[in-house]
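First the structure, in the form of structure tokens, and then the observations on it.
The values are calculated or read from the model by the stated rules, or taken from the named source; none is laboratory data. Predicted model, so just to flag it, every value in this text is computed and none were measured. Cβ sites come from the backbone with ideal geometry, for glycine too, and all protein chains shown count toward neighbours.
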Amino acid sequence: MNPYFKAGFVSAAIAAGNVKNLTPHAVWVAGRMYPASGIVARIESSYEEIVHGVTMMTLGDLKYYLGKDEVALETFAKDCDVLIVSGMVHGAVGGYHSPCFVSPATGHPDVERNDKGHIVSVPAFLV
């Protein structure tokens with residue numbers, strides 16, 4: 001998908017309020033808070049044997065959870081929804097190739113941090 005087209009789609013969905021946060025915590029973007037929806041997107045993973053404190057991880061399928069129970073995407077999202085996911089999930093699903101996924105721009109130079117260095121707000125979404 002063309003990233004400029006996706007940016008327009010995301011902007012329109014945000015303006016319409018069609019955004020669901022699939023991280024386990026509230027996300028602040030450009031002064032606007034997106035509360036956690038209660039559903040979390042996760043990438044399944046498996047690990048090789050640990051040798052000298054090092055292991056290899058293999059990423060698997062994208063799954064959605066409500067607590068410990070897996071739920072289907074169709075039960076909570078519409079085609080016009082934008083889904084906020086972690087950077088790891090966003091990268092694993094192909095970033096801008098996936099029309100409905102965005103992640104907070106946590107590496108942007110305009111990120112706001114508290115006195116402990118924790119991110120308080122990001123200036124934008126990554127598409």
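Restricting region 33-58 to residues that are in a strand (DSSP E or B) and over 16 Å from the mean Cα position of the chain (by Cα), which is farthest from I14 (Cα to Cα)?
So, considering only residues that are in a strand (DSSP E or B) and over 16 Å from the mean Cα position of the chain (by Cα), the one farthest from I14 (Cα to Cα) is V51.
Go over the candidates A36, A72 one by one and state the one that is closer than 24 Å to N18 by Cβ and touching a strand residue (DSSP E or B) at 6+ places or on another chain (Cβ under 6 Å).
A36
Test G17 against the stated conditions and say whether it is over 16 Å from the mean Cα position of the chain (by Cα), exposed (fewer than 10 other Cβ atoms within 10 Å of the Cβ) and closer than 16 Å to V102 by Cα.
Yes, satisfied.
I'd like the full set of residues that are at pLDDT below 90 and in a loop (DSSP other than H, G, I, E, B), limited to region 78-127.
Selection gives K78, D79, C80, D81, V93, G94, S98, P99, C100, V127.
Where residues in region 25-53 are of a type in the set (D, E) and surrounded by 10 or more Cβ atoms within 10 Å (Cβ to Cβ), which of them is modelled with the lowest pLDDT?
So, considering only residues that are of a type in the set (D, E) and surrounded by 10 or more Cβ atoms within 10 Å (Cβ to Cβ), the one modelled with the lowest pLDDT is E44.
For V122, work out the one condition from (1) more than 21 Å from A12 (Cα to Cα); (2) touching an Asp or Glu at 6+ places or on another chain (Cβ under 9 Å) it doesn't fulfil.
Against the list (1) more than 21 Å from A12 (Cα to Cα); (2) touching an Asp or Glu at 6+ places or on another chain (Cβ under 9 Å), V122 comes up short only on (1).
So for region 5-14 (the condition being at pLDDT 90 or above, loosely packed, with under 15 Cβ neighbours inside 10 Å and closer than 21 Å to G91 by Cβ), does at least one residue qualify?
So far as region 5-14 goes, no, none of its residues is at pLDDT 90 or above, loosely packed, with under 15 Cβ neighbours inside 10 Å and closer than 21 Å to G91 by Cβ.
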